[in-house]
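Every number here is computed from the coordinates shown, using simple stated rules; none is lab data. As the structure is a prediction and not an experimental result, all values here were calculated from the model. Cβ coordinates were reconstructed from backbone atoms using ideal geometry, including for glycine residues, and neighbour counts include every protein chain displayed.
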Amino acid sequence: MLEGGVHQVVEGAQNVVDRLPGFRTPAHKPPPEQANSSSGDVRWYSDWKWKNPFSSDTVYDEARAVLPPLAERPPIYTYYDASSRRKDQKSRKAEQELLQIWRRAWWAAGFRPVVLSKSEAMHNPLYRAVQGLTLEKGFENELMRWLAWANMKGGILANFMAVPMATYDDPTLSFLRRGEYPTLSRFENLSNGLFIGSASHIDAALKEAVSSPAIKRVKFLDEALSPGTVQVEAKAEGIAFYSDAVLKSAAYKPIGEKLAHLNTVPDALQQLPDLINSHLHTTWQNQFPKGIVVLKPLPEHTTVLIEPAIDLARNLSQCSNTPLPSSCPPNRPKCKPCVSNKIPISAQKFFRNDSRIFTIASVPHPYTITSLVKQKDDLDLRFIRRETNRDIWIHAATKEMLGNGLSSFARLPTIKEAVASAYGSTRSLWLTAEDPPKAESEEDRAELDWIFPFKIPREPMPSGKSETPVPGPERRPPAPKPEYGDGPVPKEADLAREKDLFQKAVIALRNGEKGGAKPAVQIKEVVESWNLADAEAWKFVRAYNARRRSERRKWEHEEASYQGKGAFDRWVDKIS
């Protein structure tokens, strides 16, 4: 008893000393704010220590989450000159959609897509030298494309009909992301659809082509070069090129027939965006033969948390609209088309690191999950300390993978890897339960399109019936059945109670932000202190999504300053 009293006196004295200027114990200063490291109330810090269990150990700041440094995105260029394209409205609209598909696909593959125009070509010192040449109109556009690329000092030049259709870790895409191109090269199966090279090699090739007599009779610039100037690499299996020759092949005969006649070319072009988008969707679906899993670690009383995830899973598993439902991408002729591929959806209690499934997880704030599990909307300090267990969500989610022996702190790196690593982020989508993508928000839906990277089917037809003999975009898969051991199916009254508790929890968290009412702020801090691991997981997911959104919008804003004043402005995403 005496010993306890002594300890209490010493502790009290230390607290008094800590409040006296000049006598406080030393404290680490948080690192300075980085550029572009906040979005609204969400703040983050990029550092290689992101896998450490707690961000505050690195930044000494409870409000910031430590995220992995952003991966370098090598630029990939395409050339588009509206003045040299078809002038009818149908063709122009289709090409704008194709450019947007190209941008989305390459962005999701880890690149920085840039649309060049004649403006870049005119800045090339060689531009004046070619003005006096008599060239065919088609080749003149080809020459402008190379001049514009050379002006950007090399890298990757792609036709906007060449899009990545493979897993993120595809060997070709991984090679291109490294950004090192020692020779001027193209790929065997892509013809003139994609070139790589350094500035010096491109400049040398241009000078050789301009001085070659063959320049007046060739269709593509590399045909005017001496053998060996452009190296031919092995097939790029991860890239699909929808060239004229490909589209006129037997696999795409209905479209090829329309391309063969000038008066029906606009109709063919109009079908291409849906065709390519559906192939991107099919390629994604084929990566996950075991289907889509919606994570539901604490199944009782938490149905409301996963409803947006289930809605998204159902959209992802249905078929995109396409003029050729049974077709496959040019680089994947043996794909499994969506119409003959039933994508299973399941709600599972445990996170499973299985590359054959795609996981959608809704991570709740500890206040939210406590309120729902305990069916209580007025949490207080006494109840939290005496009636609740710590970090129940992360324990439940990782129980199968990590067992029961690990602390909640030791489980955090596994969740962070799944959320933010190159491997995990392409095989799962992690959302905060309180702020999921809203089904009624086109802006939220468009944001998801940039992640997957195809335009996700939005809604089924109102009737829900298909008049076609195969599943079409109007046939939406049913909601998943509960996993074994999921507990009783909730009744309508139970779901109504869940929604009421959930809405109150969202309001309580909003009031608990800094600057809110003092009691709300205090109870939020108490809940987070009691559930340090669950709170860290929630903050990490929230910051990761905010940074991903911020990165893309910043790039969109920068691109809009260039060609955005012309044709680009009609197809660039509008960011509010």
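Within segment 75-241, what percent of beta bridges assigned by DSSP are antiparallel, to the nearest 5?
50
Which angle between 0 and 90 degrees, to the nearest 10, do you get for helix 492-511 versus the longest principal axis of the chain when only C-alpha atoms count?
It works out to around 90 degrees.
Can you list residues from other chains, or at least 5 along the same chain, whose modelled amide H is less than 5 Å from the amide H of Leu431?
Ala361, Ser362, Val363
When DSSP assigns beta bridges and you keep just the ones with both residues in the chain, what percent turn out antiparallel, to the nearest 5? If you can, show how the numbers build up before the last one.
Working: 12 of 40 bridges.
Roughly 30 percent of the DSSP beta bridges within the chain come out antiparallel.
In Å, what Rg and Dmax follow from the Cα atoms of segment 324-364?
Radius of gyration, then largest Cα-Cα span, for segment 324-364: 14.7, 42 Å.
For segment 34-44, just list the computed ³J(HN,Hα) in residue order, Karplus coefficients 6.51, -1.76 and 1.60, θ = phi - 60°, integers in Hz, with x standing in for Gly and Pro.
8, 5, 6, 10, 8, 8, x, 8, 8, 10, 9
Let me check the size of segment 265-348 from its C-alpha atoms; what are the radius of gyration and Dmax in Å?
15.8, 56
For Val66, which sequence-distant residues (separation of 5 or more, or a different chain) have an amide H within less than 5 Å of its own amide H, given hydrogens modelled in the peptide plane?
For Val66, the qualifying residues are Tyr45, Ser55.
Dipole size in debye (nearest 20) for segment 75-241 around its Cα centre, Lys and Arg Cβ +1, Asp and Glu Cβ -1? Before the final figure, lay out each step's value.
Numbers: 22 positive and 18 negative charges, 128 e Å.
Here segment 75-241 has a charge dipole of around 620 debye.
What per residue convex hull volume, in Å³, do the alpha-carbon atoms of segment 272-560 yield?
158
State the answer as a single residue: which of Ile239, Phe160, Ala209 lies farthest towards the positive end of the charge dipole of segment 75-241, with beta carbon charges of +1 for Lys and Arg and -1 for Asp and Glu, about the Cα centre.
Phe160
Taking H placed 1.01 Å from N in the peptide plane, check which residues at least 5 places from Phe111 or on another chain put their amide H under 5 Å from its amide H.
none
Could you give the length gained on full extension between Leu406 and Asp47, defined as 0.36 nm per residue of separation minus the Cα-Cα distance, in nm?
Values: separation 359, 0.36 × 359 = 129.24 nm, distance 2.53 nm.
Result for the pair: 126.7 nm of gain on full extension.
So what is the 222 nm mean residue ellipticity for the chain from helices alone, if each DSSP H run of at least 4 adds -39500 (n - 2.57) and you divide by all residues, rounding to the nearest 500 deg cm²/dmol?
-13500 deg cm²/dmol
From the backbone phi of segment 228-233, what are the Karplus-calculated ³J(HN,Hα) couplings (6.51 cos²θ - 1.76 cosθ + 1.60, θ = phi - 60°) in whole Hz, Gly and Pro given as x?
Each residue's phi maps through the Karplus curve to give x, 5, 10, 6, 9, 8 Hz.
Checking a compactness column here: for segment 75-241, what do you get for Rg(Cα) / (2.2 N^0.38 Å), N being the number of residues? Intermediate values should be presented prior to the final figure.
Working: Rg = 15.5 Å, N = 167, 2.2 N^0.38 = 15.4 Å.
Dividing the Cα Rg of segment 75-241 by 2.2 N^0.38 Å gives 1.01.
Rounded to the nearest 0.05, what FRET efficiency do Gln375 and Lys399 have when you use their Cβ-Cβ distance and R0 = 25 Å? If you can, show how the numbers build up before the last one.
Numbers: r = 22 Å, r/R0 = 0.90.
That pair, Gln375 with Lys399, gives E of 0.65.
Taking 0.36 nm per residue of separation and subtracting the Cα-Cα distance, what length does fully extending Asp444 through Glu417 add? All intermediate terms of the calculation are to be shown ahead of the outcome.
Working: separation 27, 0.36 × 27 = 9.72 nm, distance 2.44 nm.
The Asp444-Glu417 span can extend by a further 7.3 nm.
By how many degrees, between 0 and 90 and to the nearest 10, does the Cα long axis of helix 89-108 differ from the longest principal axis of the chain?
50
Cα-Cα over 21 Å: which of Lys374/Lys514; Lys248/Lys334; Lys438/Lys504? Please list the in-between numbers first.
Numbers: Lys374/Lys514 26 Å; Lys248/Lys334 19 Å; Lys438/Lys504 18 Å.
Violating the 21 Å Cα-Cα cut-off are Lys374/Lys514.
Using 12 Å as the cut-off for backbone N distance, which residues of segment 120-164 belong to the label zone defined by a point 7 Å from the Cα of Ser84 along Cα→Cβ?
Answer for this model: 120-122, 135-149.
Order by neighbour count: Trp107, Trp102, Trp393, fewest other Cβ atoms within 10 Å first, most last.
Values: Trp107 20, Trp102 23, Trp393 28.
Least crowded to most crowded, the residues run Trp107, Trp102, Trp393.
What's the exposure ranking of Lys118, Lys518, going from fewest to most Cβ atoms within 10 Å?
Listed from fewest to most nearby Cβ atoms, that is Lys518, Lys118.
Largest first, please: the extent of the C-alpha atoms of the chain along each principal axis, to the nearest Å.
102, 67, 39
Can you give me the angle between helix 199-210 and the longest principal axis of the chain, using Cα atoms only, in degrees from 0 to 90, rounded to the nearest 10?
Value to nearest ten degrees: 20.
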